[in-house]
Structure formats: structure tokens, C-alpha cells
1. Measure up Lys3/Lys99; Lys99/Lys245; Lys18/Lys99 against 19 Å on the Cα-Cα distance and list the ones that go over.
2. Suppose every K and R has +1 on its Cβ and every D and E has -1 on its Cβ; what is the size of the dipole of region 1-58 about the Cα centre, in Debye to the nearest 20?
3. For a quick check of understanding: with a 1.4 angstrom probe and all protein chains in place, what accessible area in square angstrom does Glu32 have, to the nearest ten?
4. Quickly work out the Leu246-to-Asp179 label distance, labels modelled 7 Å from Cα along the C-beta direction, and quote it in nm with one decimal.
5. For region 172-216, what class follows from the C-alpha gyration tensor (a ≥ b ≥ c being the square roots of its eigenvalues): rounded when a/c is under 1.5, otherwise prolate if a/b is larger than b/c, else oblate?
6. If you place +1 on the Cβ of every Lys and Arg, -1 on the Cβ of every Asp and Glu, and leave all else neutral, what size is the dipole of the chain about its Cα centre, to the nearest 20 Debye?
7. Find the centroid of the Cα atoms in region 138-216 and in region 41-68, then give the distance between the two in whole Å.
8. Pull up all non-local amide H partners of Ala93: gap of 5 or more, or a different chain, and H-to-H distance under 5 Å with H placed in the peptide plane.
Amino acid sequence: MYKVLVADDESLARETIKLLLSEQHEIAEVIEAADGNEALQLAELHHPQIVFLDIEMPGMSGIELAKRLPEDCVVVFATAFNEYAVTAFELNAIDYLLKPFEDERFYAALERAKQRFKEDKQQDYSKISEAIQHILNGQNKTYRERLVIRDPGRIRLVDVDHIDYITGAGNYAEIHLQDGKQVLHRETLSALEEQLDPSIFVRIHRSSIVRRSCISELRPNDKGDYSVILHNGEVLTLSRRNRAKLEELTH
């Protein structure tokens with residue numbers, strides 16, 4: 001059984017990792033810290049075997065913290081910044097997760113951490129360049145398989161495969177699922193558009209994104225825009241400014 005320390009100043013990032021860890025029967029306890037100083041105190045108190053570290057945190061950075069953790073702690077960095085990869089491996093980190101990461105990528109890092117702890121041996125530095133190259137290759141654009149949605153008192157994971165279309169206004173988006181349910185998400189459509197695979201989803205209006213395979217019909221309107229008819233009968237609008245996407249929608 002493993003104790004895991006999660007150090008990140010963003011509560012949503014901590015909650016996401018805790019949720020992923022909750023599905024693992026070998027995890028006995030998850031301790032969380034919101035800054036580097038607190039993380040060091042908790043590490044000295046609880047002696048976790050595995051530590052997930054953000055890089056940029058108040059008080060003490062993840063890099064500084066990794067230098068001061070007990071040698072038997074297995075460190076996994078989880079950060080949005082790629083420029084620290086070399087330093088992380090020099091500090092003997094077992095893996096380096098670039099946010100946003102997919103569930104499979106997280107669990108792969110967790111398995112490597114558990115294996116390292118079982119083997120109780122140092123990283124083979126001859127493989128550092130190979131590992132860093134793997135990370136850099138992973139920086140190619142990846143798209144979300146799940147959306148993390150924060151509701152009062154809980155965090156939900158919504159599979160992208162279950163989404164038909166998304167409508168939005170301001171900083172909020174309403175996610176329409178295949179089962180007819182709607183989920184409110186505090187995220188702009190522009191931010192969501194960056195996270196979704198454009199071969200699967202298309203932005204047809206400033207206030208809507210739709211799954212391509214859900215479109216059954218396009219009807220021209222008098223004002224130069226189009227009514228977009230979905231398989232479930234819902235009607236959206238393809239705006240004039242997005243008419244250039246009409247050709248790709250019909251192929």
C-alpha cells in the first residue's frame with residue numbers, strides 16, 4: 001500500500017489527481033499540500049512513498065522541494081511548463097506529466113512510480129535523453145478524452161465521446177450529452193475548442209460547437225447563415241462568419 005503526497009497550489013489540479021488515485025486499490029492515503037513549504041512539512045510528517053509535484057508553487061518551487069525530499073520518495077512532476085524537464089530528470093524524477101494530461105498518461109506515470117519504489121534503485125541515467133525525448137514528443141497537440149467539471153461539493157469527469165454539442169455564453173458552457181442531459185461547465189467555448197479534436201468537433205457559431213457526426217442536415221437561411229439539424233432533432237446555427245466550414249462539413 002502506498003501513501004501519496006500531491007503538492008499543487010491549484011485546488012482543482014489536486015482534486016483531479018485525488019480522483020484518479022481513488023480508483024487505485026493500492027493507494028492507502030492521499031495527502032495534499034497547497035504550497036511547497038507545506039508539502040515539505042507533510043512529507044517529513046507522513047513519509048509518502050510517491051509525490052506528485054507542481055513546479056511553480058508559492059513558498060517553495062517544486063524543483064526546490066524535490067531537492068529536499070527524503071531520498072526514498074519517488075517524484076513525479078505534474079506541470080504545465082515543459083522547460084524544466086531536464087532539471088526534473090537530473091533530480092531523479094521518475095516521470096514528468098505535462099498538463100493537461102490524459103488518464104492513461106497519469107496511470108502510466110503512477111505505475112512507473114510504484115515499480116521504482118518496489119525496485120528501490122536509482123534511475124538509469126543512460127535513459128534520461130530517451131525519456132526527455134519522449135516527453136518532448138508528447139508535446140504535440142493532444143486533445144481531451146474527458147472534461148473535468150467542478151460542481152458544488154464534487155468533481156465530475158465527462159467523457160468527450162458522450163458529448164453531442166456545446167453551447168455557451170461568456171465564461172460558461174452548457175454541455176449537451178447523448179443521453180439528453182445537460183451539464184454546466186465554467187469554461188469559455190474558445191478554451192473548450194482548443195481542448196477538443198477538430199476532426200471530431202467543429203465550431204459553427206460564436207456560441208456553439210458540435211460533433212460532426214451528429215449533423216444530419218444543413219438548410220440555408222435568408223440571412224446567409226445555415227440551420228444545422230442534428231440527428232436528435234435539435235437545431236443550431238452555422239453563422240455567416242463560419243460559412244467557410246460548410247465545405248468541410250459536407251465531406
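1. Numbers: Lys3/Lys99 23 Å; Lys99/Lys245 30 Å; Lys18/Lys99 15 Å.
As for pairs spanning more than 19 Å Cα to Cα, those are Lys3/Lys99; Lys99/Lys245.
2. Details: 3 positive and 13 negative charges, 50 e Å.
Roughly 240 debye for region 1-58.
3. Solvent-accessible area, nearest 10 Å²: 60 Å².
4. Those two pseudo-labels are separated by 3.8 nm.
5. Working: a/c = 1.75, a/b = 1.06, b/c = 1.65.
Oblate, because a/c is 1.5 or more while a/b does not exceed b/c.
6. On the way: 31 positive and 44 negative charges, 183 e Å.
I would put it at about 880 debye.
7. 33 Å
8. Amide H to amide H, under 5 Å and 5 or more residues apart or across chains, Ala93 pairs with nothing.
The values are calculated or read from the model by the stated rules, or taken from the named source; none is laboratory data. Just so it is clear, the structure is predicted and the values come from calculations on it, not from any experiment. All Cβ positions, even for glycine, are placed from backbone atoms using ideal geometry, and neighbour counts span all protein chains on display. Please note that ligands, DNA and RNA were not included when accessible areas were found on the heavy atoms of the full protein model with its side chains. Shrake-Rupley method; radii C 1.70, N 1.55, O 1.52, S 1.80 Å.
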